[in-house]
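Only one structure is covered here, and it is reproduced in the block below.
The values are calculated or read from the model by the stated rules, or taken from the named source; none is laboratory data. All values reported here derive from a predicted model rather than from experimental measurement. Virtual Cβ from ideal backbone geometry, glycine too; neighbours counted across all protein chains shown. Protein only, heavy atoms only, side chains kept; ligands, DNA and RNA dropped before computing areas. Shrake-Rupley method; radii C 1.70, N 1.55, O 1.52, S 1.80 Å.
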Amino acid sequence: MKNCIKGILVLLSVLFFSCSKDNDDQYLPLTAEEGEQYSGGETTVFNRSEEAFGFSALNLTFDEGKEFAVGNSFFRQNWVVAPASTTARDGIGPFFNAISCSSCHFKDGRGRAPLLDGETGHGLLLRLSIAGLDATGANLPDPIYGGQLQDGAILGQTLEGKITIIYQPIIETFADGTTVVLQKPSYQISNLGFGALASNLQISPRVANQVIGMGLLEAIPESTLLGFTDENDTNKDGISGRLNYVHDVASNSKKIGRFGWKANQPNVRQQVAGAFLGDMGITTSLFPNENAPFGVDLSLIPNGGTPEISDINFERVVFYSSTLAVPARRNYTDENVLKGKKTFNTIGCTSCHIPKIQTGNTHTIAALNNQTIRPYTDLLLHDMGADLADNTPDFKATGQEWRTQPLWGIGLIETVNNHTNLMHDGRAKNVTEAILWHGGEAKVAKDRFKKLTLAERNELLAFINSL
């Protein structure tokens, strides 16, 4: 009887303790959400090797898998100078930044800034523009060098110029006294081959992103993205994300921008065609005109045909780029990761890096439809402050606005690409530095991060690197 009464008292004390803490968030159990590991829904691949970004969506059909494989070959193999016996892959240049898609997106991953002056094929390029807009609302290019500096050229052609990066140290200090030295880059273009740059030139550096999950982002309904917007900050949380509206070449109309650091491309197809032309000098039926500095007679330079990549092979690369799978979460049930997830939410990161989104049911690739995905982005433009500004507008984006970067796969960049450089120009050497570069609408979240203890910061980093 004595033991029975003791047991009842223990049970009552447990029940009382539990009820008294129901509304106190710090006592809530740290648990993973069901299905949280499936970052790309049914397309998710379970692989954490150096090839983690290179797999197809798991729910493709057999025929789609073959299409993916052919697209993969065109993405990874080098293009050569025309004329050549390999007619399906000739026509590189005459001016370019890379000789293959994988030169910048190595193993379908992320590029970086050059480690030394003159290094090419690293994955960073410079967009060039001057004040004013063309008929489509796009920036006006430099009158001589066009909209992008190409630091490579085929034999017999003069190089456009050489990129040099100079870094200025900036010190950030945490509340516990820990200091971090950031590096703020500035860009110089020298050894100009075709005359002076415009006096009012705007330079915008862009690093190549990992290619995973692009089709899933394309499959998010417009209504969902519109629901994320809060341009006038009506809820007074300090976050006022908005959509970019850009020129869609195929339809000759304005569409919501989804891809690129300033969301300046409306779909995967145009993103791929723009990269073929701008980065490699390969024409497509979407962008059929070669790039060259003013005064270069293109009629005297052999090309790889018109267009240089056939429509069927171009569409295979688009399909490949649309169906690269997102790797699954790792360590998502670990206690420190779950604590970091909670901190990620409480300091305000989820205001822009939205964890979970549902794709629609109208994408032409059926495998991408009706998927619950976890990209950690809203695809909106946000003012990130003066320190991150490139001072270059891009359609509706201002010189201080950037698209929210998807975080899925971020913890595997080091495994795949042997570096941890982040942000639009690779200035951040790791996740900590990337957070410390946040300003503007994200300054409050950054300041909260700086007030965390070392243990809390490590938990937050463990969570982010599990994505």
Here the FRET efficiency for Lys451 versus Leu155, based on Cβ atoms and R0 = 60 Å and rounded to 0.05, is 0.60
Whenever you get a sec, line up Lys446, Lys451, Lys255, Lys262 from highest to lowest accessible area (probe 1.4 Å, protein heavy atoms). Lys451, Lys255, Lys446, Lys262
Suppose accessible area is computed on protein heavy atoms with a 1.4 Å probe; arrange Ser199, Ser129 from highest to lowest. Ser199, Ser129
Amide H contacts of Ser129 (H built 1.01 Å from N, under 5 Å, at least 5 apart or other chain): Asp142, Gln202
For the chain, what does -39500 (n - 2.57) per DSSP helix run (n ≥ 4), summed and divided by total residues, give at 222 nm, in deg cm²/dmol to the nearest 500? -7500 deg cm²/dmol
Could you report the accessible area of Arg242 in Å², rounded to 10, computed with a 1.4 Å probe on the protein chains as they sit in the structure? 40
Find, among the chymotrypsin sites (Phe, Trp or Tyr not before Pro) in the range 253-305, those assigned to loop by DSSP (not H, G, I, E, B) with at most 13 other beta-carbon atoms within 10 angstrom. Phe294
Separation between Cα centres of the range 372-416 and the range 172-201, rounded to whole Å: 19
Checked the range 324-382 against the a/c 1.5 cut and the a/b vs b/c comparison, axes a ≥ b ≥ c from its Cα gyration tensor; verdict oblate
So which of Lys339/Lys451; Lys254/Lys356; Lys184/Lys342; Lys341/Lys450; Lys254/Lys446; Lys429/Lys450 end up more than 24 Å apart, counting from Cα to Cα? Lys254/Lys356; Lys184/Lys342; Lys254/Lys446
Place a +1 charge on the Cβ of each Lys and Arg in the chain and a -1 charge on the Cβ of each Asp and Glu, then give the dipole magnitude about the Cα centre in debye, rounded to the nearest 20. 1020
Two decimals is fine: what is log10 I(q)/I(0) at q = 0.27 Å⁻¹ for the range 35-76, from a Debye sum with one equal scatterer on every Cα and no solvent? -1.02
Using only the alpha-carbon atoms, how far is helix 2-20 inclined from the longest principal axis of the chain? Give it as 0 to 90 degrees, nearest 10. 40
Solvent-accessible surface (1.4 angstrom probe) belonging to Val70, in square angstrom, nearest 10: 50
Can you pull the Kirkwood radius for the range 114-188, inverse mean 1/r over Cα pairs, to one decimal in Å? 15.5
Quick one: Kirkwood hydrodynamic radius for the range 143-225, alpha-carbon pairs, angstrom, one decimal? 17.3
Normalise the Cα radius of gyration of the chain by 2.2 N^0.38 Å (N = residues in it) and let me know the number. 1.07
Please compute the length gained on full extension between Ser251 and Gln183, using 0.36 nm multiplied by the number of residues separating them and subtracting their Cα-Cα distance. 20.3 nm
Let a ≥ b ≥ c be the square roots of the eigenvalues of the Cα gyration tensor of the range 265-331; is it rounded (a/c under 1.5), or, if not, prolate (a/b larger than b/c) or oblate? prolate
Using θ = phi - 60° and Karplus 6.51 cos²θ - 1.76 cosθ + 1.60, couplings along the range 292-299 (whole Hz; Gly, Pro as x): 6, x, 4, x, 7, 8, 5, 5
How large is the Kirkwood hydrodynamic radius of the range 310-467, counting all unique pairs of alpha carbons, in Å? 17.3
Scattering profile of the range 89-235 at q = 0.15, 0.19 Å⁻¹ [log10 I(q)/I(0), Debye over alpha-carbon scatterers]: -1.03, -1.23
Ranked by how many other beta carbons lie within 10 Å on average, peptides 397-408, 46-57 from highest: 397-408, 46-57
Could you derive backbone 3J(HN,Hα) for the range 174-190 from the dihedral phi with the Karplus parameters 6.51, -1.76 and 1.60 (θ = phi - 60°), listing whole Hz in sequence and x where the residue is Gly or Pro? 7, 4, 8, x, 5, 10, 10, 9, 8, 10, 9, x, 10, 10, 10, 10, 10
Round to the nearest 0.05 the FRET efficiency obtained for Ile130 and Thr333 when R0 = 45 Å and r is the Cβ-Cβ distance. 0.30
Local net charge near His105, Cβ-Cβ under 12 Å (Lys/Arg +1, Asp/Glu -1): +2
Let's test the formula: R0 of 22 Å, r as the Cβ-Cβ distance of Leu30 and Asn370. What FRET efficiency results, to the nearest 0.05? 0.15
Check which residues have an amide H placed less than 5 Å from Gln265's amide H, if you skip close sequence neighbours. Arg258, Phe259
Given axes a ≥ b ≥ c from the Cα gyration tensor, I'd like to know whether the range 408-467 is rounded (a/c under 1.5), prolate (a/b larger than b/c) or oblate. oblate
Expressed in angstrom, Rg and Dmax over the Cα atoms of the range 45-175 are 19.2, 63
Roll a 1.4 Å probe over the protein heavy atoms and report the accessible area of Thr359 in Å², nearest 10. 10
Net lengthening on full extension, Lys162/Lys66 (0.36 nm per residue, minus Cα-Cα): 30.5 nm
Ordering Arg457, Arg316 by the accessible surface of their heavy atoms, 1.4 Å probe, largest first, yields Arg316, Arg457
Rounded to the nearest 20 debye, what is the charge dipole size of the range 370-467 about its Cα centre when +1 sits on each Lys and Arg Cβ and -1 on each Asp and Glu Cβ? 240
